[in-house]
Every structure is written in structure tokens, then in C-alpha cells.
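Below is one structure, written out as C-alpha cells, with a few remarks after it.
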Amino acid sequence: MSKADNMLAVLWHLKSGRKMTTRELAETLEINIRTVYRYIDALCASGVPILADSGHNGGYSLLPNFREAPLFFNAAEQKALVHAAIFAEEAGYPFGDALNSAVGKLKQYTNPEQLSAIERHEAGFDVIHPPTDSSLEGYLQMLEIAVADGYTVRMEYSKGYAAPVQSRDVDPYGLVHWRSKWYLVAFCRLRGELRSFRVDRIRVLSQTEDRFDRPPGFSAALLWSVRPIRSI
């Protein structure tokens, strides 16, 4: 595991509330004792309140109030994250690998009782979804970044199966998942108005150097629910 993952693992183990010695942490994480010392020092330097008690019953522990910090999830929050990952897969969420990695860490660093509860809730919760088009993942990732960072994109777009492909520069305002399809809500510079585009009809996509400012408070989902935006 990476240094960051191991440091997080140290925190999760100390969250249990019991004291753990350097040797116990080293054996649990399968790392060198000196490495544990370095991680403890790094965590303390970053502001984590780790208590160190010497003597026969000594070891490391966290301050009680820090064990309740938002860094850690309760049982209901853990269940919700696992269920959200299942729903995300149904929608073809473009950052599924990262989400599954986060859920994997959640399972890895929780205690056995919590892990058993997570797995029980996960096993009893399914979403039946149609096969997703994996080729859209790259486009969705690029569009999400363009929406967040305010970059104009250029796309080769077809209105339908037999329709000709047309080049368009658009300012992406948001992505909407509706009826098993992904739509891009964007200001079309060709038409000079707000339009929606089906992502599966994009043939080529690239980011330009042009920037734009999204209208303050704009919500693609809210606007879609009030009046469906003209789709092409």
C-alpha cells in the first residue's frame, strides 16, 4: 500500500479506542517498526492528537473526541456509501474505479463487526441495470472536468443514427442522467442557446483553450425538471 493508505490504516486501527503498540501496528499492517514510528510522527505533525503512553500497558491511542471526528463513518453512513456505489454502477458513473477503491478502503480499515454488517447490507441490495457502454467513460470524465473547471469543448456530434456529423463548440454547464442515458447540458456556440446533447452521440471530443463562466447557481438537474431543454 502507499504511504497515505498506511497512514489512514493507522488511524482506523487507533479509532477502535484501545491502545496499540508499535509492534502491533507493524504486524497488523505488515510494515517495519521504524516505518510505524515515521507514520506516527507524520500524523502528529499534521495535527492528529495521538497519545503515547509508556510502560507495561503503554501504547498509542487517539483522544476520545477525535475518535468521533467526521473523518470516520458510523454504521448508517458506511451502509449508504456501499449502496451508493451500487447505484452509481447502474448509471454508468464515470469514476467507478475510484468509488470502488474508496469502498474497498472502507471495508479494509473497519473492524470485523462493522465489516460483517456492511457485507450483510451489501448482499441484500441489488440494482438490475442494462449493460453500460464503457466507451462513454472517457467522454464523461472529460466532460465532468470541463464542467468543473469551465473549459469549452469541441465535439463531433451526430443527431441520430443516420444523421451527418457536425462540429460544435459548447460550454458544458452540467451532466444529467435521465432514463438510462447521459445528457450534456451546454451553451451551444453554433446556435447561441442552451441545448442538451446525448453523450452517446458524441463521436469525437476534445478540450479547447477557451474558458467560460457558468451562470451562478446554475443546476442542470433543476432546469431539466422545470422545462426539458431542447435536445438534439
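The values are calculated or read from the model by the stated rules, or taken from the named source; none is laboratory data. Every value quoted in this text rests on a predicted model; they were computed, and no experiment measured them. Cβ coordinates were reconstructed from backbone atoms using ideal geometry, including for glycine residues, and neighbour counts include every protein chain displayed. With ligands, DNA and RNA removed, areas are computed over all heavy atoms of the protein, side chains included. Shrake-Rupley method; radii C 1.70, N 1.55, O 1.52, S 1.80 Å.
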Residue-normalised value, i.e. accessible area per residue, for the chain at 1.4 Å probe, in Å², stands at 59
Share of accessible surface on carbon and sulfur in the chain, whole %, 1.4 Å probe and ligands ignored, is 52
Of 169-177, 9-17, 119-127, 83-91, ordering from highest average Cβ density within 10 Å down gives 169-177, 9-17, 83-91, 119-127
If you find the alpha carbon centre of segment 81-98 and of segment 30-67, how far apart are they in angstrom? 34
Check the straight Cα-Cα distances from residue 3 and name the lysines below 16 Å, setting aside those fewer than 8 residues away within the same chain. 105
Quick one: if the Förster radius is 35 Å, what FRET efficiency do residue 211 and residue 127 give, using the C-beta to C-beta distance and rounding to 0.05? 0.40
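Give me the number: length gained by fully extending residue 119 to residue 141, i.e. 0.36 nm times residue separation minus the C-alpha to C-alpha distance, one decimal in nm.
5.0 nm
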log₁₀ of I(q)/I(0) at q = 0.10, 0.14 Å⁻¹ - the chain, Debye sum with one point per alpha carbon: -0.67, -0.94
Please list, ordered by chain and number, the residues whose modelled amide H lies under 5 Å from the amide H of residue 165; skip anything fewer than 5 residues away on the same chain. none
Using per-residue counts of other Cβ atoms within 10 Å, averaged over each peptide, order 193-203, 207-217, 154-164 from highest down. 193-203, 154-164, 207-217
